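The values are calculated or read from the model by the stated rules, or taken from the named source; none is laboratory data. Nothing here was measured: the structure is a model prediction, and the numbers come from that model. Methodologically, a virtual Cβ is constructed for each residue, glycine included, from the backbone with ideal geometry; neighbour enumeration extends over all protein chains shown. Surface areas here come from the heavy atoms of the whole protein model, side chains and all, with no ligands, DNA or RNA. Shrake-Rupley method; radii C 1.70, N 1.55, O 1.52, S 1.80 Å.
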Amino acid sequence: MLKNEVDLNKIGTVFNIQRFSVNDGPGIRTIIFLKGCPLSCAWCSNPESQNKNKELLFNIKNCTGCHKCETICKMNAINFNTDNRIDRDKCINCGECVESCYPGALVISGKEMSVKEVLDELNKESVQFRRSNGGVTLSGGEPLLQDDFALEILKGCKSRGINTAIETTGYINKNIVEKVMPWLDLILLDIKTTDENKHLKYIGASSKLILENAKLMSDLGANIIVRVPIIPEFNCDIKSIENIAKFTKSLNNIKEIHLLPYHRLGLNKYECLGRNYMVRDDINTPSEETMLKFKKIVENIGLKCNIGAH
Ligand code: SF4
Ligand code: SF4
């Protein structure tokens, strides 16, 4: 029997709440993005998700050059004579400059919220959820890096009859998988490659735990869709896709793979964080023809396959 009380006071760090999403589970969904990720994929389109702490973003395109931020910063972290303008070693992400920046060039990514505040936000969408058979999807980063917070949100959703999904890297302790699974209607599990060397080189972590967790989730009877970002020069080849599809097929309980073509939409966020985007300029979105070829490969192995967006 599941313990239903929800700890409404549990606090976590959220960096975005996105409404009316149709790509991350059934129906119309609200996506709660939690901050922090144990992986560091070079192509990450949400680089502000990776650090678990709050971070200052500076978008020079919105700056009018009023210098108010420079006067207000007690840490002397703003210097108009440097390219990035923000000295990240001095900045403590206090957000005081954000208050003074009327054009919105400075923004803090990450907000502490209680479970109650998150659930209150979700209540606003209850009619949409009901009408579209939609619900809530936890995303990140890796939402289970804040496992206690995520768990209370999921419990709160279930107690209100809201459908729940999670987008996960799978790079989490097995006991956390077991803890949250009873509260999830759908798991969207990223498997980027089954090649351990590539995983270590491009993602900065072993694939072992992810593949083991895929098996664990499948053995526990979870409803799982495997999602594969298709990244040129990493896994955009027949062998890589075949290996992921064969591994998925071997798990018995997973029937579907979504292939998500690489895009560069997060590029501007790297600039705002003062970070370099590590994917070369000549790496482009895979063609429709390539994606359809991979879809056929997955289907021939006996799985359903969609080409999606991420
Ligand atoms: S307060 Fe905002 S608009 Fe003014 S100089 Fe600073 S970043 Fe630019
Ligand atoms: S967030 Fe705080 S420390 Fe960082 S630049 Fe702004 S005022 Fe200075």
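Data for the structure
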| quantity | calculated |
| --- | --- |
| Leu119 being open to solvent by 10 Å² or more (accessible area, probe 1.4 Å) and either assigned to a loop (DSSP other than H, G, I, E, B) or not assigned by TED's automatic domain parsing to the domain that holds Gly65 (or both) | no |
| Residues within the range 82-107 that are among the β-branched types (Val, Ile, Thr) and more than 13 Å from ligand 1 (Cβ to nearest atom), tallied | 2 |
| Boolean, Ile32 is more than 16 Å from ligand 2 (Cβ to nearest atom), of a type in the set (Val, Ile, Thr) and crowded, with 18+ Cβ neighbours inside 10 Å | yes |
| Of the criteria (1) away from ligand 2 (no atom under 15 Å from the Cβ); (2) modelled with pLDDT of 95 or more; (3) farther than 21 Å from Asp190 by Cβ, which one Leu57 fails | (1) |
| Given (1) open to solvent by less than 30 Å² (accessible area, probe 1.4 Å); (2) in contact with a Gly (Cβ under 8 Å, 6 or more places away or on another chain), index of the condition Leu209 fails | (1) |
| Unmet requirement for Gly134, which otherwise passes all of (1) within 16 Å of ligand 1 (Cβ to nearest atom); (2) closer than 30 Å to Thr169 by Cβ; (3) crowded, with 17+ Cβ neighbours inside 10 Å | (1) |
| Answer residue from the range 94-108, given it is in a loop (DSSP other than H, G, I, E, B) and buried (at least 17 other Cβ atoms within 10 Å of the Cβ) and is farthest from ligand 2 (Cβ to nearest atom) among those | Ala105 |
| Boolean, Ser114 is more than 10 Å from ligand 2 (Cβ to nearest atom), at pLDDT below 95, polar (S, T, N, Q) and in the same structural domain as Leu144 (by TED's automatic domain parsing) | no |
